[in-house]
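Here is the structure we will look at.
The values are calculated or read from the model by the stated rules, or taken from the named source; none is laboratory data. The model shown is predicted, which means the values in this text are computed figures rather than measured ones. Glycine also receives a Cβ, built like all others from the backbone with ideal geometry; neighbour counts cover every protein chain displayed.
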Amino acid sequence: MKNLLFSLLVLCIFVLPSSSFSKGHEDHSDHSDHSDHGGDGMGFYIHSGIRIHLDKTLDAEEEKEQVDEASTHSHFEIGYNFNENFSVISDIKIEGGDHGHSHGESESETPKDKFFEEHKSIINKLYVNLKTDNFDIYAGKFSPVVGFDFHKFPGAYGYQEVEGYALLQKIGVGLKVENDLGDAGTHTFNVSTFFKDTTSLSHSRINNDGKTRKSDGGVSNTEDFSSYSISLGGKNFFSLDSNFIDGFSYQIGHAVQAKGEGGEEDEKRYSIGVAHSSYLTGDVKMTLIGEYMNISKLTGESGHDRTITTYGLGLEYGKFTLGGTLTYKDNDADDADENVDDNIRQISLGYFVDDKLKVDIGYKRKKVSNEVSKIAGITLKYVFDWPSGGHHDHHDH
């Protein structure tokens, strides 16, 4: 496997040899990684995305789950550019569970409304980035790239299910090679090797659940470079003859997370995603996105495979947006309790109050482990940059 990784590295360095600067600039999402700001490209910068959910569970299998909840999913990226080639990048993340149940806390026997409870604050990323004319090298704590960035999925709740299977909080090194082929698009090859964070950065500063240790087990919790990810993505295509080619983008990826102490198997995954943006009329923009993720030996369990397919549709008209996703989870497991298929649907109507503040009214229906819940809510999103108006080059790690 080491020889295969080395061969792919060498091949892509020679096949994709040109400038690493993309020709486009993507719109603001809740967060992204940046390496440059301002006119001179030096000094500190901050990019922040704050998302607040005010949700009400309208219907659930058990009364104790029918609660009102206020929660946040927020990122504060702070970076320092020593020059145009070398940067230190961090991302502080504050978030609550999906209605308080995703972090392993015990549930109350009686209904309990929640106001920013059970939240965590973690250093989600902290790495150095060296940019050259032909490639980037990064090292530290980062998120290995396999599929699309989960914030690309439309709708107030669109990111949640995709984030649930993303590779997060890994320590390692990586290489990114970006090639601008003009009308044939910008293509990015990204390869990294990593292990699960077991440093002091692995625990929360709010509701501290303790430092992750190697003895805890789990995939990629090996403290060696036996896990890896490889991905290839493309965007910024242009054609005078085809609107489809003009708005097309793709992302394919593969990753292996080595088994940790007491583990049964390595987890292997691969994904393919495609997206397309176009104008239905001069005022209405439509975005379609789809991603298929196949995970073999989920979390290292020898008898559990899972495939997740997500479809998304987004519409923009002036300051208004309409977006939603459908997610299907197909479980193939030896354990009867796990051998149940899930599906999640969500949709929201949004309005940009200004270029920094957006309000969404949303609805989500979840069928998980044969239990159905229905949630409605208001989502507030606010983004800001410092220095204001600064330009940021997006990194996918």
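Can you go through Leu322, Leu288 and tell me which one is in contact with a strand residue (DSSP E or B) (Cβ under 6 Å, 6 or more places away or on another chain) and over 27 Å from Ala60 (Cα atoms)?
Working: Leu322 fails: over 27 Å from Ala60 (Cα atoms).
None of the other options fit; the residue is Leu288.
From the list Gly210, Gly172, pick out the single residue that is touching a His at 6+ places or on another chain (Cβ under 7 Å), farther than 28 Å from Val368 by Cα and without any contact (Cβ under 8 Å) to a residue 60 or more places away in the chain.
Gly210
Take the residues of the stretch 292-347 that are among the small types (Gly, Ala, Ser) and within 27 Å of Tyr279 (Cβ to Cβ): which is farthest from the chain's Cα centre (by Cα)?
Ranking the candidates gives Gly318 first.
Looking at Val145, is it assigned to a loop (DSSP other than H, G, I, E, B), at pLDDT 90 or above and either over 18 Å from the mean Cα position of the chain (by Cα) or under 22 Å from Asp224 (Cα atoms) (or both)?
Answer is yes for this residue.
What are the residues in the stretch 202-241 that are outside any loop (DSSP other than H, G, I, E, B) and of a type in the set (A, V, I, L, M, F, W, C), if any?
Ile230, Leu232
Which of the residues spanning the stretch 281-290 are in contact (Cβ under 8 Å) with a residue 12 or more places away in the chain and in a loop (DSSP other than H, G, I, E, B)?
Asp283
Can you tell me which residue in the stretch 54-102 is modelled with the lowest pLDDT, limited to those that are closer than 17 Å to Arg365 by Cα and under 18 Å from the mean Cα position of the chain (by Cα)?
Residue satisfying both the conditions and the ranking: Ser102.
Being aromatic (Phe, Trp, Tyr), over 23 Å from Lys93 (Cα atoms), surrounded by 16 or more Cβ atoms within 10 Å (Cβ to Cβ) and in contact (Cβ under 8 Å) with a residue 12 or more places away in the chain: is that true of Phe237 here?
Yes: the conditions hold for Phe237.
In the stretch 242-257, what residues are outside any strand (DSSP E or B), surrounded by fewer than 20 Cβ atoms within 10 Å (Cβ to Cβ) and in contact with a strand residue (DSSP E or B) (Cβ under 6 Å, 6 or more places away or on another chain)?
Correct list: Asn243 only.
Tell me which residues, restricted to the stretch 170-198, are more than 18 Å from Tyr138 (Cα to Cα) and among the β-branched types (Val, Ile, Thr).
Thr186, Thr198
Looking only at the stretch 119-130, count every residue that is more than 23 Å from Thr198 (Cβ to Cβ) and either touching a helix residue (DSSP H, G or I) at 6+ places or on another chain (Cβ under 6 Å) or not in a strand (DSSP E or B) (or both) and tell me the total.
Residues of the stretch 119-130 more than 23 Å from Thr198 (Cβ to Cβ): 130.
Filter once more, keeping what is either touching a helix residue (DSSP H, G or I) at 6+ places or on another chain (Cβ under 6 Å) or not in a strand (DSSP E or B) (or both): none.
So the answer is 0.
Please go through the stretch 148-201 and give me each residue that is more than 18 Å from Gln257 (Cβ to Cβ) and assigned to a strand (DSSP E or B), ordered by number.
Leu175, Lys176, Val177, Glu178, Asn179, Asp180, Thr186, His187, Thr188, Phe189
(1) surrounded by 21 or more Cβ atoms within 10 Å (Cβ to Cβ); (2) in a strand (DSSP E or B); (3) among the basic types (Lys, Arg): which one isn't true of Lys268, the others all being true?
(1)
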